[in-house]
């Protein structure tokens, strides 16, 4: 049985429509259950945008997927709470899940890749997630494999299994032994030197991220994320409209959708040359990292 797809939406009907249209064009679309979680508005003014999001789903309710369900929150939960709650809801029943944010336009073969990878890596405990988005990077010429191992979740388009998801501690506890540990901070930053600062920001309430906590759990369990060598996702949300997006970051992540239709799934390991190339878009200067760290020293703890 194919994994269900969970789509998280908020107030961007135009983005969601493009995401669902691309998903409908996937080869496995009509054999896939889709659940759209819509977060509630923050203000009365935002209620109109939420209404448009709900309305834009109607054209997809017939002959697009095996089924499509919408789960609308009356109040605003925020991105992290929405994702954690929504994934837990669906993965508890199905045992596995494929996730898309509302700004992730997929290749027609996205569902093929994700389902194949979920099946192949199911019993390989060192793999904690499957990603559909691959940052623009030049792989070593001698690297011929169709898949790549990283240690950073592909937050806009990913998949996982219940047994891995259940191991994640979403509380503040893991952070207590991390905050002032130079060794842990340095090792965690190996897959992007922005990550320690993001974890600080999360624990201090500056951002609302499930992904940085997933990353830390993957890091502490020596686990990996598997991605295709060429991206199967085009992120259309780097226009300032998203929770954690900006127009400035658009060029760092922009790449054309892969035309690959088939992949050879195989066991892969972390490779240093690939790590260096992969991390380039996530580089933060020493000055900015220091400023961020000092700022978090005096910030109030997240409630």
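The values are calculated or read from the model by the stated rules, or taken from the named source; none is laboratory data. Because the structure is a prediction, the values reported are computed rather than measured. Here Cβ is always computed from backbone atoms with ideal geometry, including for glycine, and neighbour counts include all displayed protein chains.
In segment 219-236, how many residues are touching a strand residue (DSSP E or B) at 6+ places or on another chain (Cβ under 8 Å) and closer than 28 Å to residue 256 by Cβ? Summing the residues that are touching a strand residue (DSSP E or B) at 6+ places or on another chain (Cβ under 8 Å) and closer than 28 Å to residue 256 by Cβ in segment 219-236 gives 11. Among the numbered conditions (1) modelled with pLDDT under 95; (2) within 25 Å of residue 207 (Cα to Cα), the only one that residue 132 does not meet is (1).
Note on segment 229-262: among residues that are touching a helix residue (DSSP H, G or I) at 6+ places or on another chain (Cβ under 6 Å) and more than 19 Å from residue 79 (Cβ to Cβ), the one that is modelled with the highest pLDDT is 232. Of all the listed residues (188, 178), the sole one being part of a loop (DSSP other than H, G, I, E, B), in contact with a helix residue (DSSP H, G or I) (Cβ under 8 Å, 6 or more places away or on another chain) and at pLDDT 95 or above is 178. With respect to the conditions (1) part of a loop (DSSP other than H, G, I, E, B); (2) surrounded by 23 or more Cβ atoms within 10 Å (Cβ to Cβ); (3) without any contact (Cβ under 8 Å) to a residue 40 or more places away in the chain, residue 207 lacks only one, and its number is (2).
Filter the strands (runs of 3 or more DSSP E) completely within segment 27-143 down to those with at least 2 residues that are under 19 Å from residue 230 (Cα atoms), touching a strand residue (DSSP E or B) at 6+ places or on another chain (Cβ under 9 Å) and touching a residue at least 40 places away in the same chain (Cβ under 8 Å).
On the way: elements: 33-38, 67-72, 96-101, 104-106, 127-131.
The qualifying strands (runs of 3 or more DSSP E) are 96-101, 104-106, 127-131.
Being over 19 Å from residue 235 (Cα atoms), surrounded by fewer than 22 Cβ atoms within 10 Å (Cβ to Cβ) and more than 19 Å from the chain's Cα centre (by Cα), is that true of even one residue in segment 12-27? Write out each step before concluding.
Of segment 12-27, the ones over 19 Å from residue 235 (Cα atoms) are 27.
Right, trim to surrounded by fewer than 22 Cβ atoms within 10 Å (Cβ to Cβ) and you get 27.
From the residues that got through so far, the ones that are more than 19 Å from the chain's Cα centre (by Cα) too are 27.
Yes.
Residue by residue, here is whether (1) within 12 Å of residue 5 (Cβ to Cβ); (2) at pLDDT 95 or above holds:
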site	(1), (2)
73	no, no
84	no, yes
94	yes, yes
100	yes, yes
105	no, yes
113	no, yes
122	no, yes
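Yes or no, residue by residue, for (1) on the phi > 0 side of the Ramachandran plot; (2) surrounded by fewer than 22 Cβ atoms within 10 Å (Cβ to Cβ); (3) over 19 Å from the mean Cα position of the chain (by Cα):
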| residue | (1), (2), (3) |
| --- | --- |
| 149 | no, yes, no |
| 154 | no, no, no |
| 158 | no, no, no |
| 167 | no, yes, no |
| 172 | no, yes, yes |
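Which count do you get for residues in segment 191-201 that are part of a loop (DSSP other than H, G, I, E, B) and either more than 21 Å from the chain's Cα centre (by Cα) or within 17 Å of residue 221 (Cα to Cα) (or both)? Spell out how you get there, then give the answer.
Initially, segment 191-201 is screened for residues part of a loop (DSSP other than H, G, I, E, B), giving 192-194.
Restricting the remaining residues to those that are either more than 21 Å from the chain's Cα centre (by Cα) or within 17 Å of residue 221 (Cα to Cα) (or both) gives none.
Counting residues in segment 191-201 that are part of a loop (DSSP other than H, G, I, E, B) and either more than 21 Å from the chain's Cα centre (by Cα) or within 17 Å of residue 221 (Cα to Cα) (or both) gives 0.
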